[in-house]
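Written below as structure tokens is the structure these notes are about.
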Amino acid sequence: MAAEIHSRPQSSRPVLLSKVEGHQDVVSAALLIPKEDGVITASEDRTIRVWLKRDSGQYWPSIYHTMSSPCSAMTYHHDSRRIFVGQDNGAIMEFHISEDFNKMNFVKTYPAHQNRVSAITFCLASEWIISTGHDKCISWMCTRSGSMLGRHYFTSWASCLQYDHETRHAFVGDYSGQITLLKLEQNTCSVITTLKGHEGSITSLWWDPAQRLLFSGASDHSIIMWDIGGRKGRTLLLQGHHDKVQAICYIQLTRQLVSCSADGGIAVWNMDISREEAPQWLESDSCQKCEQPFFWNIKQMWDTKTLGLRQHHCRKCGQAVCGKCSSKRSSYPIMGFEFQVRVCDSCFESIKDEDRTSLATFHEGKHNISHMSMDISRGLMVTCGSDRIVKIWDMTPVVGCSLATGFSSR
């Protein structure tokens, strides 16, 4: 079923520890079991499986359970050993897993949505199961009674979810590229604000309650850091992926952000430095460098008897410029641009060689990644995707493995 790849040689890249194979369709979610050598997977093939590492070093399924509908989302609460599985038909099913991880008992079904469940979180303190779905809503249900407590609808599919257990704030990303911040109450909710910055659908969210930072990944290949707690409205843009960002995880101990994209790219971003916020793009009817008119500026074209030019923007200063005045390209990692972007000629001259030093490391996962999860305490990561393969990675060579980071030796 699964092969041990190799042990942990010292390197500066993720170490592939194991491949787990056996699902017959897309693996929609994979979660590492804390303090255990085990993985829980849910798949479009309608199965949920628990894989335990045997003495041979291979992962073998100890639980194999078939659901009534393809599995689309999953969460696991280790202290209570409860698994919640969202399905394509909109239902969420709860199971309780035995201490030896060899048996799983059905608890109840929650009619949470009318369409595919996209994300789930469980709050033990309030006994709420909170979820989003393709029926354009967030719902929260009582796990004691199984009854619906409240729903809130959006204008497009709700694609991802993060929840602050202490303040009962929920962050919901949707297919329109918008993130909505809600305050959930027992039977109602209130919209606090909406965050707009992405040019594509929101594919992943990560909330860090300690620093009150929200990270969002999107189909526009970019990541935005939103400073919710401190400098209100401050955003940082991170661009280094070449496909949609499917999953993100912020490691608060080391101030690093791990992100995975659909093309198999794995990035580790250094967030422990003072980064610059990308400027707002300025609008102008003519180039702000040479003053030549843009093609919609009919009056100036007529007055100067010249053809209008196409408008571009310098990524460093935000000025509206023509192609001739922005002929150079440069990376500028301190502003999040890890690959070369358009800059005006004067900004190009101001960027020193040391300013181009990368502030992220990029690695190849070598499979289509649709979901990623980390066990930060052990420095382990699991990825899965449409190739039906689950990969377990040792991330400590990339994110640090000293005792100061909290990673324990295995």
Within the stretch 290-347, tally of residues that are in a loop (DSSP other than H, G, I, E, B) and in contact (Cβ under 8 Å) with a residue 12 or more places away in the chain: 21
Members of the stretch 143-158 that are in a strand (DSSP E or B) and open to solvent by 20 Å² or more (accessible area, probe 1.4 Å): M148, L149, R151, H152, Y153
Odd one out for M395, checked against (1) open to solvent by 40 Å² or more (accessible area, probe 1.4 Å); (2) modelled with pLDDT of 90 or more; (3) under 26 Å from the mean Cα position of the chain (by Cα): (1)
Condition check for A125: among the hydrophobic types (A, V, I, L, M, F, W, C), assigned by the TED database to the domain that holds G90 and surrounded by 19 or more Cβ atoms within 10 Å (Cβ to Cβ): no
Single residue of the stretch 348-361 satisfying the filter (among the hydroxyl-bearing types (S, T, Y) and in a loop (DSSP other than H, G, I, E, B)) that is farthest from A267 (Cα to Cα): T357
Residue list for the stretch 278-303, restricted to those being surrounded by fewer than 15 Cβ atoms within 10 Å (Cβ to Cβ), touching a strand residue (DSSP E or B) at 6+ places or on another chain (Cβ under 7 Å) and at pLDDT below 85: F295
Criterion violated by Q246 - all others in (1) open to solvent by 30 Å² or more (accessible area, probe 1.4 Å); (2) touching a Leu at 6+ places or on another chain (Cβ under 8 Å); (3) over 20 Å from G400 (Cβ atoms) satisfied: (2)
Given (1) open to solvent by less than 10 Å² (accessible area, probe 1.4 Å); (2) farther than 21 Å from R13 by Cα; (3) of a type in the set (S, T, Y), index of the condition T383 fails: (2)
Enumeration of residues in the stretch 78-101 that are open to solvent by 40 Å² or more (accessible area, probe 1.4 Å) and part of a strand (DSSP E or B): H96
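The values are calculated or read from the model by the stated rules, or taken from the named source; none is laboratory data. Everything numeric here is computed off the predicted structure, so don't read it as measured data. Glycine also receives a Cβ, built like all others from the backbone with ideal geometry; neighbour counts cover every protein chain displayed. Side chains included, ligands, DNA and RNA excluded: accessible areas come from the protein's heavy atoms. Shrake-Rupley method; radii C 1.70, N 1.55, O 1.52, S 1.80 Å.
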